[in-house]
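**Q** Before we start, here is the structure in question, set down as structure tokens.
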Amino acid sequence: MQKIIIAPKKGKQGIGAGVWNLGAGRDPFGGPTREEIPVLDRIPLLADAGITYIEAHDVEISARDAPRAKELMKRHGLKMGMYTPSFFADPIFKDGAMTSNDSQVRKHALHNALNAVDVTVALGAEIMVFWNGREGFDFVLAKNGQDSFRRMVEGFNAVGHYALGKYGRKSPRFAIEPKPNEPRANMYLSNVGEVLYLISRLDKAVQPLFGVNPETAHSRMAGLDYLWDVELCLEAGKLFHIHLNSQDTTRYDQDLPFGYVEPLKDLALCVALQDAKWEGILAFDVKAPRTDRQEDIADILHTSAANLQRLWAKAARVDRKKVAGFRATQRYTALAGYLAKCLY
Ligand code: 3MF
Ligand code: MG
């Protein structure tokens, strides 16, 4: 299939998706419903779905797999868009990685993170994401919150100094991904504001290397407005990456197809990204649902991409002068009506 291109768009016009998007259909209540596709075999599937930039965790593509992954990406016309250390899958991180109360675990996490920096560079990705999924607590007083925060500052500083020392101006940039809950009841770095605050506390030398990877579902799980979260990142100059999907109100993380639940808000998001001339990769973090058959596993990518293309094109046709007029006269209900007209 042809590459899906989002045009006209500043900077990168190809779409991104994670190898984990094409999983075997597990959920917390049941095992796989499809045969597990070996990770490297998902590379041609992503290419077939029109993807340009792939993303992977260290537990999916390890340093040892990197040369083979590169070969496959080259053969299928793909690039590595983002790489990320998994701080959540291994039981050793059951109580956190950078914030674990066990100093040996914190050391192990740092070791994995530094290794991931090298693999990010080896695979040619410009962005490394940190979703510190087990950082947080289920029981109050289980951790000292102030110590936990300082441990994250220490951890990210160490990663930044390592990358700067080894790669200088060629260092990858780091995008921290907030999430309010799941798997922990309460997660540190639960929203964009917390991540920006953490970045403000990092050493000045490494601060420019750190930004945010806001994800649609993660904001909406907390009942927050995703567009405002993205705008806040843009205002701070910290929108380093983006994870697009959708979420059916405030509940467990669903990773539904982009554009599905709140298309009007997603249209507005496209308007804001266009107006900001954002140059990064538009990447999907979606999850092929448990009910989809093996042969239909890429439906979630096709649906997300088609929705994004449609919404991006409609957003380009939104009359900015009209929007400015509605703002100036404070006719917000009329603005909502105009957006709906652009959408439908
Ligand atoms: C969890 C997520 C993660 C992160 C990924 C790296 C499995 O809710 O969204 O996806 O995006 O670990 O960025
Ligand atoms: Mg994500």
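The values are calculated or read from the model by the stated rules, or taken from the named source; none is laboratory data. Since the model is a prediction, treat every value here as computed from it, not as a measurement. Cβ atoms come from the backbone with ideal geometry, glycine included; neighbour counts cover every protein chain shown.
**Q** Determine, yes or no, whether R251 is under 30 Å from M82 (Cα atoms), surrounded by fewer than 17 Cβ atoms within 10 Å (Cβ to Cβ) and touching a strand residue (DSSP E or B) at 6+ places or on another chain (Cβ under 8 Å).
**A** Values: under 30 Å from M82 (Cα atoms): yes; surrounded by fewer than 17 Cβ atoms within 10 Å (Cβ to Cβ): yes; touching a strand residue (DSSP E or B) at 6+ places or on another chain (Cβ under 8 Å): no.
No: the conditions fail for R251.
**Q** Given the condition within 16 Å of A97 (Cα to Cα), among the charged types (D, E, K, R) and in contact (Cβ under 8 Å) with a residue 24 or more places away in the chain, answer yes or no: does some residue in the stretch 164-181 qualify?
**A** yes
So that you can scan it fast, the table gives a plain yes or no per residue for (1) farther than 21 Å from N21 by Cβ; (2) modelled with pLDDT of 95 or more; (3) surrounded by 19 or more Cβ atoms within 10 Å (Cβ to Cβ); (4) within 16 Å of ligand 1 (Cβ to nearest atom):
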residue	(1), (2), (3), (4)
P85	no, yes, yes, yes
G133	no, yes, yes, yes
L141	yes, yes, no, no
V159	yes, yes, yes, yes
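**Q** Determine whether the stretch 29-38 contains at least one residue that is within 21 Å of D285 (Cβ to Cβ), part of a loop (DSSP other than H, G, I, E, B), more than 16 Å from ligand 2 (Cβ to nearest atom) and of a type in the set (K, R).
**A** There is at least one residue in the stretch 29-38 that is within 21 Å of D285 (Cβ to Cβ), part of a loop (DSSP other than H, G, I, E, B), more than 16 Å from ligand 2 (Cβ to nearest atom) and of a type in the set (K, R).
**Q** Just checking, which of K94, K10 is within 30 Å of A316 (Cα to Cα) and either more than 16 Å from ligand 2 (Cβ to nearest atom) or in contact with a Cys (Cβ under 8 Å, 6 or more places away or on another chain) (or both)?
**A** Details: K94 fails: within 30 Å of A316 (Cα to Cα).
Just a single option satisfies the conditions, and that option is K10.
**Q** A further question on this structure: From the list A66, A142, A116, A109, pick out the single residue that is over 30 Å from I15 (Cβ atoms) and under 23 Å from the mean Cα position of the chain (by Cα). Let's see the steps before the verdict.
**A** Working: A66 fails: over 30 Å from I15 (Cβ atoms); A142 fails: under 23 Å from the mean Cα position of the chain (by Cα); A116 fails: over 30 Å from I15 (Cβ atoms).
Going through A66, A142, A116, A109 in turn, the sole match is A109.
**Q** Another question, if that's okay. Give the stretch 190-221 a look and list any residue that's β-branched (V, I, T), away from ligand 1 (no atom under 12 Å from the Cβ) and closer than 12 Å to I176 by Cβ, or say none.
**A** Initially, the stretch 190-221 is screened for residues β-branched (V, I, T), giving 192, 195, 199, 206, 212, 216.
After this cut, where a residue has to be away from ligand 1 (no atom under 12 Å from the Cβ) as well, the list is 192, 195, 199, 206.
Within the stretch 190-221, V192, V195, I199 meet the criteria.
**Q** Does L164 qualify as being crowded, with 19+ Cβ neighbours inside 10 Å, away from ligand 2 (no atom under 16 Å from the Cβ) and at pLDDT 95 or above?
**A** Details: crowded, with 19+ Cβ neighbours inside 10 Å: no; away from ligand 2 (no atom under 16 Å from the Cβ): yes; at pLDDT 95 or above: yes.
Here the answer is no, as L164 does not meet what is asked.
**Q** Name the residue, out of N213, N181, that is closer than 20 Å to G16 by Cα, of a type in the set (S, T, N, Q) and within 16 Å of ligand 2 (Cβ to nearest atom). Lay out the reasoning, then the answer.
**A** Numbers: N181 fails: closer than 20 Å to G16 by Cα.
Unique residue meeting the criteria: N213.
**Q** Determine whether G237 is without any contact (Cβ under 8 Å) to a residue 40 or more places away in the chain and assigned to a loop (DSSP other than H, G, I, E, B). Don't jump to the end; show me each part of the working.
**A** Values: without any contact (Cβ under 8 Å) to a residue 40 or more places away in the chain: yes; assigned to a loop (DSSP other than H, G, I, E, B): yes.
Yes, satisfied.
**Q** Residue check, V117 against (1) at negative phi; (2) surrounded by fewer than 21 Cβ atoms within 10 Å (Cβ to Cβ), all met but one. Which one?
**A** Exception for V117: condition (2).
**Q** I need every pair where a residue in the stretch 281-296 that is free of Cβ contacts under 8 Å to residues at least 40 places away in the same chain has its Cβ under 9 Å from the Cβ of a residue that is among the aliphatic types (A, V, I, L, M), sequence separation at least 6 or different chains.
**A** Final answer for the pair search is D296/A288.
**Q** Regarding I61, is this residue at pLDDT 95 or above and buried (at least 21 other Cβ atoms within 10 Å of the Cβ)? Explain how you work it out, then say what you get.
**A** Numbers: at pLDDT 95 or above: yes; buried (at least 21 other Cβ atoms within 10 Å of the Cβ): yes.
So I61 fits the description; yes.
**Q** Right, another one. Can you find, within the stretch 1-51, the residue that is farthest from ligand 1 (Cβ to nearest atom) among those that are without any contact (Cβ under 8 Å) to a residue 60 or more places away in the chain and crowded, with 20+ Cβ neighbours inside 10 Å?
**A** I43
**Q** Return a yes/no flag: does the stretch 185-200 have any residue that is on the phi < 0 side of the Ramachandran plot, aliphatic (A, V, I, L, M) and out of contact with any strand residue (DSSP E or B) (no Cβ under 8 Å at 6 or more places or on another chain).
**A** Step one: filter the stretch 185-200 for residues on the phi < 0 side of the Ramachandran plot, giving 185-188, 190-200.
Imposing the further condition that a residue be aliphatic (A, V, I, L, M) reduces the set to 185, 187, 192, 195-196, 198-199.
Within this subset, residues satisfying the condition of being out of contact with any strand residue (DSSP E or B) (no Cβ under 8 Å at 6 or more places or on another chain) are none.
No, the stretch 185-200 contains no residue that is on the phi < 0 side of the Ramachandran plot, aliphatic (A, V, I, L, M) and out of contact with any strand residue (DSSP E or B) (no Cβ under 8 Å at 6 or more places or on another chain).
**Q** Inside the stretch 258-279, can you point out the residues that are in a loop (DSSP other than H, G, I, E, B) and surrounded by fewer than 24 Cβ atoms within 10 Å (Cβ to Cβ)? Can you show your working first?
**A** Filtering the stretch 258-279 down to residues in a loop (DSSP other than H, G, I, E, B) leaves 258-262, 276-279.
Listed by number, the residues that qualify are Y260, V261, E262, A276, K277, W278, E279.
**Q** Here is a follow-up. Considering only the stretch 244-255, I want to know if a residue exists there that is hydrophobic (A, V, I, L, M, F, W, C) and within 15 Å of I6 (Cα to Cα). Before the answer, list the steps.
**A** Step one: of the stretch 244-255, the residues hydrophobic (A, V, I, L, M, F, W, C) are 244.
Now restrict to residues that are within 15 Å of I6 (Cα to Cα): 244.
Among the residues of the stretch 244-255, at least one is hydrophobic (A, V, I, L, M, F, W, C) and within 15 Å of I6 (Cα to Cα), which makes the answer yes.
**Q** Does the stretch 325-337 hold any residues that are more than 31 Å from the chain's Cα centre (by Cα) and among the hydrophobic types (A, V, I, L, M, F, W, C), and which are they?
**A** Residues satisfying the conditions are F326, A328, A334.
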